[in-house]
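Chemist: To start, I am sharing the structure in question, which I have written as structure tokens.
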Amino acid sequence: MMVLCLDFGNSLMKYAWLDEARFLEGGTIENLNLQSVTKICKRHEIDSIILSSVIHVSEEIIRALNKWAPLHLLSTQSNTRIDYPLYDKSTLGVDRIALVEGAELLYPGNNHFSICLGTCITYNWVKDGKFKAGAISPGLMLRTKSMNNYTAHLPLITPQLDFPNLGQDTPSNLLAGTMHGMLLEIKGYINEIREKDPSISILICGGDAPYFLDKLKECAVQYEPHLIWKGLYALAKLNVKS
């Protein structure tokens, strides 16, 4: 089954092609219009399309996608393999629904904890096939930009793979507070969840994840760069009517 997955987030509009849950290729959409949609849809034969969006998408684009293949607009009403008996699903972002479905596809029947480092950091705990709890905190760019925007003199720093625990000047202090602070936050959640469930599978994804992978090796975290795509693929199979 060839699925075109579309993920329109706060920062980027992305697409990916998956065939039988295998990631084939993907990219970003600079300008969302009929021309860009047509160009993407022509790349492969399409069995179905799924769209996850936290931004408004025009009816014109929706109609255009529907002409290429059966389309499902991911929402809190979509069919899922994960249950939400303890969580108000109507308040959950569709990106997080896709994340936990991707984790369930990769680790069926296992408890899992998915961490996504995007515009915001989201933590998503699934136990016994049920979404148990989660958390949201500012992502890397939100942290760096807010300190620059909401102060008179603090500079905007550039994230780096090699960052200090503590700095020796203002830029390195900002780098330490932002990046090492995020690392401590992530490790804190991992350690806390492992105390509750030592055998839980912990996955990490998102555009900022590579900054922290080397320093998270000791935590036995599985890096899954295509986690949301695999989740969207699984959701397409559950929801798209051919």
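Chemist: Given the criteria in contact (Cβ under 8 Å) with a residue 60 or more places away in the chain, assigned by TED's automatic domain parsing to the domain that holds residue 207 and out of contact with any Pro (no Cβ under 6 Å at 6 or more places or on another chain), does residue 126 qualify?
Modeler: In short, no.
Chemist: Okay, moving on. Can you tell me which residue is nearest to the chain's Cα centre (by Cα) among those in the range 53-101 that are in a strand (DSSP E or B) and either at pLDDT below 90 or under 16 Å from residue 9 (Cα atoms) (or both)?
Modeler: If we take residues in the range 53-101 being in a strand (DSSP E or B) and either at pLDDT below 90 or under 16 Å from residue 9 (Cα atoms) (or both), then 53 is nearest to the chain's Cα centre (by Cα).
Chemist: Okay, moving on. Please work out if residue 49 is touching a His at 6+ places or on another chain (Cβ under 9 Å), among the hydrophobic types (A, V, I, L, M, F, W, C) and farther than 19 Å from residue 129 by Cα.
Modeler: It is true that residue 49 is touching a His at 6+ places or on another chain (Cβ under 9 Å), among the hydrophobic types (A, V, I, L, M, F, W, C) and farther than 19 Å from residue 129 by Cα.
Chemist: While we're on this one: From the list 109, 102, 118, pick out the single residue that is over 15 Å from residue 190 (Cβ atoms), surrounded by fewer than 20 Cβ atoms within 10 Å (Cβ to Cβ) and not polar (S, T, N, Q).
Modeler: Result: 109 is the single residue among 109, 102, 118 that is over 15 Å from residue 190 (Cβ atoms), surrounded by fewer than 20 Cβ atoms within 10 Å (Cβ to Cβ) and not polar (S, T, N, Q).
Chemist: Does residue 142 meet the test of being free of Cβ contacts under 8 Å to residues at least 24 places away in the same chain, within 19 Å of the chain's Cα centre (by Cα), part of a helix (DSSP H, G or I) and surrounded by fewer than 20 Cβ atoms within 10 Å (Cβ to Cβ)?
Modeler: Spelling it out, residue 142 is indeed free of Cβ contacts under 8 Å to residues at least 24 places away in the same chain, within 19 Å of the chain's Cα centre (by Cα), part of a helix (DSSP H, G or I) and surrounded by fewer than 20 Cβ atoms within 10 Å (Cβ to Cβ).
Chemist: Please give the strands (runs of 3 or more DSSP E) falling wholly within the range 2-42 in which 3 or more residues are over 18 Å from residue 94 (Cα atoms).
Modeler: Fully inside the range 2-42 and qualifying: 13-19, 22-28.
Chemist: Assuming residue 70 fulfils every condition listed in (1) under 21 Å from residue 235 (Cα atoms); (2) out of contact with any Asp or Glu (no Cβ under 9 Å at 6 or more places or on another chain) apart from one, which condition is it?
Modeler: (2)
Chemist: Hey, does the range 201-219 have a residue that's of a type in the set (Gly, Ala, Ser), exposed (fewer than 15 other Cβ atoms within 10 Å of the Cβ) and either closer than 18 Å to residue 118 by Cα or not assigned by TED's automatic domain parsing to the domain that holds residue 25 (or both)?
Modeler: no
Chemist: Show the residue pairs meeting these rules: Cβ distance below 8 Å; 6+ apart or different chains; first residue within the range 211-223 and within 18 Å of residue 197 (Cβ to Cβ); second residue polar (S, T, N, Q) and surrounded by 14 or more Cβ atoms within 10 Å (Cβ to Cβ).
Modeler: Matching pairs, first to second residue: 222/201.
Chemist: Here's a follow-up. Hey, can you tell me all the residues within the range 85-100 that are touching a Ser or Thr at 6+ places or on another chain (Cβ under 9 Å), free of Cβ contacts under 8 Å to residues at least 60 places away in the same chain and either of a type in the set (Gly, Ala, Ser) or under 22 Å from residue 201 (Cα atoms) (or both)?
Modeler: Matches in the range 85-100: 90, 92, 93, 94, 96.
The values are calculated or read from the model by the stated rules, or taken from the named source; none is laboratory data. Bear in mind that the values here come from a model prediction, so they are computed numbers and not experimental data. So basically every Cβ, Gly included, is an ideal-geometry build from the backbone, and we count neighbours across all protein chains shown.
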